[in-house]
Every structure is written in C-alpha cells, then in structure tokens.
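Taking it in order: structure first as structure tokens, then the write-up.
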Amino acid sequence: MDCLICCTTALIISFSLFYLYAKYRLSYWSRRGVKSPPTHLLFGNFKDCVTLKKPPGEIMREIYNSADPDDPYIGFYIFHKPMLLLRDHDLIKQVMIKDFDVFPNRRFGSGIERDSVGLDSILSMKQPRYKYVKNKLTPVLTGQKLKNMIPLMMECGKLMLSFIEKLPTDEAERSTWEVKDISGRYSTDVLASLVFGISINSFDEKETAFLKNGMSIFRGLRRGIAFIILFFIPEWDFLIAPFIKTPANYLRKVFWQSMNTREQLAFTRGDMIDSMLALKNGEQNPIYKFEGDNLLAHPSSFYIAGFEASATALAFVLYDLARHPEHQDTLYNEIQTHLSGKDLTMDLIKELSFLDCVIAESLRLHPPLPVTDRITTRDYELPRTGLTIEKDIPVYVSINATNQDPKYFSNPQNFIPLRTETENKKFYESLAFGIGPRSCIGQRLALLILKIALITILSNYTMSYETNEKHDNDAIHVFTYAADGLYVQFKKRN
C-alpha cells in the first residue's frame, strides 16, 4: 500500500513538474508580446503533423492564416521549441536578403553535418563552409554550360513523347495518365544525364533502377516522416540514418563509375561530372576538400533537390494548363510563333515570355517545397517591430500561404498567368526557389528543365482535365503532393 502511495505521489509530482515546465516553455511568445495560436501541452502547434493527420506545409498555412491580416509575424511551437513565422514581405526580404549575415544558416539537415551524401551538402551546410562551396559550385551552372545541356534534355524529352504516344486511347483519341508519374520519369532521366553523366530511360520498365532508387528517397510514409524530421526536428536526424543508406550506396556506385570512366577515357560531355572532375583535380582548401563523399554530396544534393521539386512543378503546370485551355492555347501559339521550324536554343527559349508567366503562376499556387527557414546566429532586433529574435531561434516562411495572401493578391486561389495586381512580382516569382544569398543554386537549371518539357509536350499534344481518379500518393510529406493524383488527358495535335 505504501509503495502504491509513493508511486502515485511520484507520478503526480512528475506530471505537475512537466505541466509547469511545458506551460512556461509554451509561454515564450506571450511573454514577448507576440501572438501565437493555441498549443498542445506536448506537441505545441504540430500535433496534427506528428500524428500524421496533416502535412507540415498545411499546418504552416493554418498558422499563417490564424493571424490578423496585418500581423507582420506570428509565433508557434514545434513541441516546446519556439519558432517565428514571418508574414510581411518587407520583413521576409530583410531577413533573407539584407541581413543575411545574421541569418546565413538553414535549420534543415544534420546539426553536426555528419553525413556527406544525405545531409552535409550545399542544401544544409553552414557558414563559412557554405559560402566557400557555393562559390566553387556556381560555375557549374553558368549560362554557357546550361546551353550545352539543352541537347541532353531534349533527348529525355523524346523518350517522354514516345511514352505518351504509346498510352492507350479512348474513343476520342485521348490518353489519360497521372502526370506526376510522367514528370517523375522525365526529371529522373534528365538529372541522371546532367548530374550523374549516364543516359537512362525511366519510361522503359526494364530500365527503372535509377527511378526506383530516387523514389525510395522520397516516396512512402517512412520517407515522408524522414523529411519532416530533417526540416522541422533535425535534432532527431539519427533516426533516419537507416532510411538513406541503400539509395546513398546506389548513388555512390553510379557516381564513381561515371567519374572513373570519364577520367580514364578523357572525354567531356558537358554535364556535372566534368565539373566534379575539375574540382577533384583542382587546388584544395582545408575548409572543404573535394574528394571522396565530399564530391558525391553535390551531385546527390542536386538530384535530391531537383528530382521531387522538378517533377512536382512540371506536374502542376500540366494540370493548370489542362484546366485552363485558354491559357494553353495562348502558350501554344507563342511556342509556334517563336520556335516553329527552328532548332531549340537558349535565346529562343528566352523569348517565350508567356511561358515564364505560366510557370511563375503555377509555382505561386503550388510551390514544390512550401516552407523555408533560417536561424539567427546572434540576438537580432527585427526592424520596425521592437521584437528581438534570440540567437538560434528558427525563422520560417510559409511560401504557399505568403503567395496566396489576399493582402497581396486579388483572387489568390485563381490561376492568372498575366497578373498585374502585385507590385512585387519579382519577389513572389522567386520565392519558390528561396530568395537572397541562400536561394536555390539550381534555379536556372530547374526552370530550363521545366521549359523544355512543356515546349516538347505542348508542341505535340493538347491537354484536358475531366477526371478525378484515385491515385496512391502519400500526402504526409514536406513536399507538395496531390493526394488523389493529377490525371490529365492528352490528345495528339494534327
């Protein structure tokens, strides 16, 4: 009996102490005069994410929308850790661009940068290594090198067209297919070619090893949880190590086969392997040596960042065009006017201004990665607010919520490529890739991959959207997913 009383007393004391601790931790923002939504005693504002009811991007949107329209920011918690969500465009630019020296690092990835292939890359690297490595990698994607990559992308586009051509048709000669599947195969082929220096055909079921390994990084519930950890609870990164070993080993094997073959045969192909060889054989700096897995980390990061983002972006642009035939016709006419009977070049692609508008508007509505973050390196007073953000407090931007805020956009849910309402078009067009010195280094490459795919498909097919068949996509993920799939109908142009 005494033992039972002691255990009960201990439990009551333990719960009381936890309750007092949690309530104090969850009062961080209120003690600083910052609004925050109601919190769960254990999970903070991320209960529905931790219990796998909602993806984090949707939760961040809800937090954003829970604020008053003119609030410049709102506080929130992941478990008991305080975070700040910026809502004002000027403050976002202040943090991401003007005061980059205070916010140079991302929260994403490993806190101690211990895994070269999966986590210790330009995606998550911290200063000062980040600046050094970015300066070394920037020449990999110059305008001239992108021009040289166009023929390689066009070859992948031909494989995509052949796949669509062979799809079964209905009485009206239309083929229905899930476009995320098509775009995933296409982006796999392009990135395998440009980044790892190998020609594959993911549209052929006999050659899908690269595709399956790529999908194993992203798809499925376990992968979704792994990415949630990397983006929002990086202190738990040790839990995901077993999930990345197999695809990492596959990419390592492919990469070194390409590197060794290229070095032995002494030929160039105009891809990233050429650049990795130059870095490997160039002068090394103790801050970061381009050798071993340090070399592999960068093609891997380009692939990891590019595969899912490019596939998602392309799928949603096709979906938006299929739902808006009037914009599809305008884009087709632009393509015919500028490109008909001509070899595709970078200069001709630059003339397709409506294509730029279509992509920007689709990215505004469906950013592949709907959140981005930074961490303060010191205490910092947010201008014009009187709020001090303490060192190591993460600052987030909800890209999907920011880009669909009625304060900045009229009819924000509508697909309107020729938007003239916003006074800050350049800001929202680039937000999907991040802004400032830490923006996506592969933005120009990603847009070029998208444009060539769209030109290829639109030149040969009209698209419509009349079905809502179910498709097995797992929506609990950091990246944007359509839980029921995006089924589009293709019809061959005369």
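The values are calculated or read from the model by the stated rules, or taken from the named source; none is laboratory data. Note that the structure is predicted; figures quoted are calculated from it, not measured. Virtual Cβ from ideal backbone geometry, glycine too; neighbours counted across all protein chains shown. Ligands, DNA and RNA are stripped out before the accessible areas are found, and what is left, the full protein with its side chains, is counted by its heavy atoms. Shrake-Rupley method; radii C 1.70, N 1.55, O 1.52, S 1.80 Å.
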task = Give me a count of the residues in segment 172-200 that are buried (at least 20 other Cβ atoms within 10 Å of the Cβ) and under 23 Å from residue 145 (Cα atoms).
result = 13
inquiry  = When the residues of segment 237-274 are narrowed to those that are at pLDDT 75 or above and among the β-branched types (Val, Ile, Thr), which ends up most open to solvent (accessible area, probe 1.4 Å)?
reply    = 268
message = Condition check: touching a strand residue (DSSP E or B) at 6+ places or on another chain (Cβ under 8 Å) and modelled with pLDDT under 90. Does residue 434 satisfy that?
response = yes
task = Sort through 323, 374, 364, 378 and tell me the only one that's of a type in the set (Lys, Arg) and over 27 Å from the mean Cα position of the chain (by Cα).
result = 378
ask   = Which numbered condition trips up residue 169, out of (1) surrounded by fewer than 24 Cβ atoms within 10 Å (Cβ to Cβ); (2) closer than 27 Å to residue 255 by Cα; (3) modelled with pLDDT under 95?
value = (2)
ask   = If you go through segment 35-50 one residue at a time, do you hit one that is closer than 20 Å to residue 233 by Cα and charged (D, E, K, R)?
value = yes
query = Regarding residue 77, is this residue modelled with pLDDT of 95 or more and either at positive phi or open to solvent by 20 Å² or more (accessible area, probe 1.4 Å) (or both)?
reply = no
query = Does residue 22 satisfy being free of Cβ contacts under 8 Å to residues at least 40 places away in the same chain, out of contact with any strand residue (DSSP E or B) (no Cβ under 8 Å at 6 or more places or on another chain) and not basic (Lys, Arg)?
reply = no
request  = Could you please find all residues in segment 337-355 being modelled with pLDDT of 95 or more and closer than 15 Å to residue 460 by Cβ?
outcome  = none
message = Can you find a residue that is at pLDDT 90 or above, surrounded by 15 or more Cβ atoms within 10 Å (Cβ to Cβ) and within 26 Å of residue 480 (Cα to Cα) anywhere in segment 146-155?
response = yes
query = Which residue, of 42, 26, is at pLDDT below 95, more than 27 Å from the chain's Cα centre (by Cα), open to solvent by less than 50 Å² (accessible area, probe 1.4 Å) and more than 18 Å from residue 431 (Cα to Cα)?
reply = 26
query = Listed residues 102, 50; which is open to solvent by 10 Å² or more (accessible area, probe 1.4 Å) and not basic (Lys, Arg)?
reply = 50
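Yes/no matrix, rows are residues, columns are (1) closer than 25 Å to residue 434 by Cα; (2) of a type in the set (D, E, K, R); (3) within 23 Å of the chain's Cα centre (by Cα):
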| residue | (1), (2), (3) |
| --- | --- |
| 254 | no, no, no |
| 262 | no, yes, no |
| 265 | no, no, no |
| 277 | no, no, no |
| 281 | no, no, no |
| 284 | no, no, no |
| 288 | yes, no, no |
| 297 | yes, no, yes |
| 303 | yes, no, yes |
Selection status of residue 417, at pLDDT 75 or above, over 15 Å from residue 315 (Cα atoms) and either open to solvent by 10 Å² or more (accessible area, probe 1.4 Å) or part of a helix (DSSP H, G or I) (or both) = no
ask   = How many residues are under 20 Å from residue 285 (Cα atoms), open to solvent by 20 Å² or more (accessible area, probe 1.4 Å) and at pLDDT 85 or above if we restrict to segment 111-145?
value = 11
inquiry  = For residue 14, only one of the following conditions fails: (1) part of a helix (DSSP H, G or I); (2) open to solvent by 80 Å² or more (accessible area, probe 1.4 Å). What is its number?
reply    = (2)
inquiry  = Please determine whether any residue of segment 300-313 is of a type outside the set (Val, Ile, Thr), farther than 29 Å from residue 132 by Cβ and in contact with a Leu (Cβ under 9 Å, 6 or more places away or on another chain).
reply    = yes
